[in-house]
């Protein structure tokens, strides 16, 4: 679990007991797909024709954990749940990014490349008043996948008759019967509007929960003794 905090014209240094109001359905995800495959698109969403209306809800008790805020030469840091957050005393953030790239080339001219960037950004903003924090905690988990592949190649190079670009996982086209079938990059057919075939998949999941905190009378030296204690959300 991760979070962050802020203060308003007040030194927030000290050991804080934070409370996070979590919900089991707090995550909101969206995916964007772009490509240059001819006659391809996203699958048609199925319409639920059932007469039943079913609703579910759940409420969790808040989780609790300790955090330490310390002043630095350029602002403040927050140590929380084994992570370091940096901020200006009003907003603290924790950002992690991973970039991965892969490229295949063949003397015949065939090329394949794939790259993936994953980013996690955690942020919390709040108002400090009389030793109490109120505000919210938010997290954005992002992933961007980019693929490129030659539109044609010789079967002799050893990758088969269907390419490596994962178009079939997200794109469909209509067959002669009008049914939706997965898209593929085939070695002897013109599948894309221009060279090379391209596919990009971007996914973002955002979460925002209520955050509150109270300043304790524990010293910074005491933090190590209490940092491992945490109350999980719910039962």
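Nothing in this text is a laboratory measurement; each read-out follows from the coordinates by a stated rule. What you see is a predicted model, and the numbers here were worked out from it, not measured in a lab. All Cβ positions, even for glycine, are placed from backbone atoms using ideal geometry, and neighbour counts span all protein chains on display.
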Bins of 10 Å from zero: percent of alpha-carbon pairs in region 22-113: 9, 17, 23, 20, 21, 9, 0
Two-site label geometry, residue 231 and residue 25: point separation in nm, points 7 Å out along Cα→Cβ: 2.6
Among 58, 124, 220: highest mean-square fluctuation, GNM of the chain, C-alpha pairs under 10 Å: 58
For 83, 96, order by how many other beta-carbon atoms lie within 10 Å, fewest first: 96, 83
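Can you give the extra length, in nm with one decimal, that the chain gains between residue 44 and residue 220 once fully stretched, where that is 0.36 nm per residue apart less the Cα-Cα distance? Intermediate results must be reported in sequence, preceding the final value.
Values: separation 176, 0.36 × 176 = 63.36 nm, distance 5.65 nm.
Result for the pair: 57.7 nm of gain on full extension.
Express in nm, to one decimal, how much length is gained between residue 194 and residue 72 on full extension, taking 0.36 nm for each residue of separation and deducting their alpha carbon distance. Kindly include the intermediate steps, with their values, before the conclusion.
Numbers: separation 122, 0.36 × 122 = 43.92 nm, distance 5.31 nm.
Length gained, residue 194 through residue 72: 38.6 nm.
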Zone of residue 105's modelled label, taken as backbone nitrogen in region 145-161 under 15 Å from a point 7 Å along Cα→Cβ: 149-150
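Over the chain, what is the mean sequence separation of C-alpha contacts under 8 Å (at least six apart), divided by residue count, expressed as relative contact order in percent? Numbers along the way, then the final one.
Values: 568 pairs, mean separation 74.7, N = 235.
32 percent.
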Sorted by Cβ density within 10 Å, fewest first, the residues 165, 38: 38, 165
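Report the calculated FRET efficiency for residue 203 and residue 95 (r = Cβ-Cβ distance, R0 = 22 Å), to the nearest 0.05. Before the final figure, lay out the partial values.
Values: r = 17 Å, r/R0 = 0.79.
That gives a FRET efficiency of 0.80.
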Of (1) 27.5, 77; (2) 25.0, 74; (3) 18.1, 60, the label for Rg and Dmax of the Cα atoms in Å derived from the coordinates: (2)
Residues 170, 95, 69, 140, sorted so that the one with the fewest Cβ neighbours within 10 Å comes first: 95, 140, 170, 69
